[in-house]
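See structure below.
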Amino acid sequence: MDWGSLDLELIAMQLFSGVALGAVFVMLALGLSIIFGMLGIVNFAHGNVFMVGAYAGVFVMERTGSFWAALLLGPLLVGALGLLVERFLIRPLAGRPPDDALLLTFGLGYVLVEGVRILFGSDGLPFATPEELSGVADLGVGFFPIYRIFVIGVVALVLVTLWVGLERTKLGLIVRAGARDPEILRVLGVDIEHLWLWVFGLGIALAALGGVLAAPMRSVNPEMGNVVLGEAFAVTVIGGMGSLLGSVVAGLLVGIVVSMTALLAPEMASIAMFAFMALVLLIRPQGLFGKPGFGV
Amino acid sequence: MGQGTLSRRTLVAGMAVAGALGGIGRARPAGAAETIRIGFPTPVTGPFGAEAKDQVRSAELAIKQFNDAGGLDGRIAELLVRDDKLNPGEAATRTLELIEKDRAHFIVGALSSAVQLSVNEITRSRKVLYVSISQSDTINEAKDFSRTTFHEALNPHMTTAAVAKHTFKKGVKVAYLVADYAYGHEMLRGFKRAAAAIGAETAGEILHPFGAADYSTFMPRLRSMRPDILCICNFGRDQANSIKQANDFGLKKVARIVVPVLLHNQRLAAGPDAFEGVVGASNYYWRLEDTVPSAKAFNDAFRAAYGGAVPTDYGAYGYAAVRSLLMALKAAGSTDTGKVVDALETLKYDVAKGPEHYRACDHQAVQSVLVIEAKRKSEMASEADLFKILEVEPGSEAALRSCDELGHRA
């Protein structure tokens, strides 16, 4: 390797790429983390919901010609599908061992992939970067695609909205209480089933939003969720299952770890994430922000 | 089975009936000629599914044409397609099944180089004729070769030499982004060999994990190498994703992007803007019909069979492999492996892209290599008008590595 060209500019650029990639990882992990944190369900269909989100984006884009409509309507459509799944598939499993819901979502993932293959074919579909967001920006230390900077902005906006919603509203208070002790909440007269329905829908919509955001960066195809599921799990496990703050910190850290590995030992870039996960789990088995003993 | 509704006796009786039915299905009326069965393992699902499905469609067209023309003295052929899932172990199992259980006479197929070698292991040990349609240099080499091994696809040596000849110049700096598995390594080796002969310099090389979805973290370093040419050696969706992201990062403004093999389906999947101006080799592009009569005939038959669609690069491999095999069968007048091997060794065929033949020492198909460039959107006359043909390198044994170098002793 040619170490001579490893200058500060390149390292700064690589760090920024890591943060940008980390923002994508945060987006991927959020939905998974919210559903697990509130409902205790490990959603194995998460990666494929991400994929369906990208296809929903293509679907809306083809009909309206507007990326902004796709960005808004895609997640809403898939979120609505999530509501139906919670009401008619997840809820009947209430009170049964958590493995049942896990298996259900695992199977659901396959159904989603096959459904998309039937509706859209098994080849990839193009999704052009929106005109107003294409091109590169000069960051002083190097060039970076404007679209990826936009993605960082959207993820930040989603995080602020979620934080305000959970920490500063009455509804958020109820949701947090529901995650801690659903029984007490039920005794207090809160319709907790109704609450879970909407939390599940939100988690699904977030996964789908991740898919629409990823579509202009990657090719849209029925298998695009496979890699994502592993990445999302690694991030949530590192952050601590069910911890939102954990997902954010872990997502950014993983992005930086992957990026720096790509600079120094590129062929190890994919493994770096999982090596990092193993390391974190050795030191803190519950993840960075997880509560000890919390989990399935 | 704790319910007791399905007793062992019922089960045994059921199995007996199923066995008898199977027997009926297998019995052939006396006098009717046995169908010629061609086993076709290829990864119809997964990341190379688009290319694999084109192989199947074109192979089926070749079978149909053979049967419509009366088959082998009335014996018709059929294609037995199996999903190898892009996995060498799976491919070996499916191939063994095709030979032992389905009693396939011949095997054609595979798309990934590692999988093809695994199929070849099986066919070689069972002395079954195999025509590979996956890009590979190794299969030509003496250690993997056998008398029943044929290779219709181009090999990395041929494609990289053609692309380098057209794009590399003395003193230009080339940066390589390479998928970290057999295909990428073979392509890199081919390019570096050609670069050394031409006098092009290596600005640097980065190996990326196979199947990576995000290439953003490789871009700053590639850019810092200040290359004149960015050479991306990967396949399938990796090609679409990496070219798309290199374009997003503005690399096309500072370097020319070249690839060993420019794929029809990946260009379709990524859209015209991402691929615009990218140069690569190909075994086949449908616009060859403007100059080559057999390409016109192949396209017309394909259009008629598949609602006006045009065949793709990997489709042409499937077609040429099955057609040449069936031609050899007719010449041999039999399905006997030894006789068909002899016939295939001496066959001159022109089924889709001009004259081809299998070289004697390694059974590599000697054929033309196209150098093509992806068109910009405004240049496209139709949805399928994807590429400009820059060059057609005529087929010649001189373009292959010598029999000696491959370890074949006369």
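The values are calculated or read from the model by the stated rules, or taken from the named source; none is laboratory data. Small disclaimer: the values here were computed from a predicted structure and weren't measured. Cβ: placed from backbone, ideal geometry, glycine included. Neighbour counts: every protein chain shown.
Overview of results
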{"item": "Residue list for region B:173-214, restricted to those being surrounded by 21 or more Cβ atoms within 10 Å (Cβ to Cβ), more than 9 Å from chain A (Cβ to nearest Cβ) and part of a loop (DSSP other than H, G, I, E, B)", "result": "B:Ala200"}
{"item": "Some residue of region B:248-264 being of a type in the set (Gly, Ala, Ser), under 15 Å from A:Glu267 (Cβ atoms) and either touching a residue at least 12 places away in the same chain (Cβ under 8 Å) or crowded, with 22+ Cβ neighbours inside 10 Å (or both)", "result": "no"}
{"item": "Residues located in region B:44-87, provided they are modelled with pLDDT under 95 and assigned to a helix (DSSP H, G or I)", "result": "B:Gly49, B:Ala50, B:Glu51, B:Ala52, B:Lys53, B:Asp54"}
{"item": "Matching option when the condition is crowded, with 22+ Cβ neighbours inside 10 Å, of a type in the set (A, V, I, L, M) and over 19 Å from A:Ile149 (Cα atoms), among A:Ala205, A:Ala214", "result": "A:Ala205"}
{"item": "Number of the exception - A:Ala265 against (1) more than 27 Å from A:Glu86 (Cα to Cα); (2) under 14 Å from the mean Cα position of the chain (by Cα); (3) small (Gly, Ala, Ser)", "result": "(2)"}
{"item": "Single match in B:Ala331, B:Ala352 (criterion: hydrophobic (A, V, I, L, M, F, W, C), under 30 Å from B:Glu383 (Cα atoms) and assigned by TED's automatic domain parsing to the domain that holds B:Leu61)", "result": "B:Ala352"}
{"item": "Identity of the residue in region A:124-175, within 9 Å of chain B (Cβ to nearest Cβ) and over 25 Å from A:Ala12 (Cα atoms), that ends up surrounded by the fewest Cβ atoms within 10 Å (Cβ to Cβ)", "result": "A:Ala128"}
{"item": "Residue, farthest from the other protein chains (Cβ to nearest Cβ), within region A:21-33, restricted to residues that are among the small types (Gly, Ala, Ser) and more than 17 Å from A:Val212 (Cβ to Cβ)", "result": "A:Ser33"}
{"item": "Strands (runs of 3 or more DSSP E) within region B:295-394 that include 2 or more residues modelled with pLDDT of 95 or more and within 28 Å of B:Thr123 (Cβ to Cβ)", "result": "B:356-358"}
{"item": "Unmet requirement for B:Ile257, which otherwise passes all of (1) hydrophobic (A, V, I, L, M, F, W, C); (2) outside the structural domain of B:Asp73 (by TED's automatic domain parsing); (3) part of a helix (DSSP H, G or I)", "result": "(3)"}
{"item": "Sole residue being touching a residue at least 12 places away in the same chain (Cβ under 8 Å), in the same structural domain as B:Val340 (by TED's automatic domain parsing) and of a type in the set (Lys, Arg), chosen from B:Arg147, B:Arg223", "result": "B:Arg147"}
{"item": "Every residue from region B:252-282 that is among the hydrophobic types (A, V, I, L, M, F, W, C), at pLDDT below 95 and over 25 Å from the mean Cα position of the chain (by Cα)", "result": "B:Val254"}
{"item": "Residue list for region B:224-254, restricted to those being under 27 Å from B:Trp286 (Cβ atoms), more than 10 Å from every other protein chain (Cβ to nearest Cβ) and part of a loop (DSSP other than H, G, I, E, B)", "result": "B:Asn234, B:Phe235"}
{"item": "Test: residue in region B:79-102 that is in contact (Cβ under 8 Å) with a residue 60 or more places away in the chain, basic (Lys, Arg) and more than 16 Å from B:Val56 (Cα to Cα)", "result": "no"}
{"item": "Odd one out for A:Phe50 among (1) crowded, with 21+ Cβ neighbours inside 10 Å; (2) without any contact (Cβ under 8 Å) to a residue 40 or more places away in the chain", "result": "(2)"}
{"item": "Among (1) assigned to a helix (DSSP H, G or I); (2) away from every other protein chain (no Cβ under 14 Å) - the single one A:Gly95 does not satisfy", "result": "(1)"}
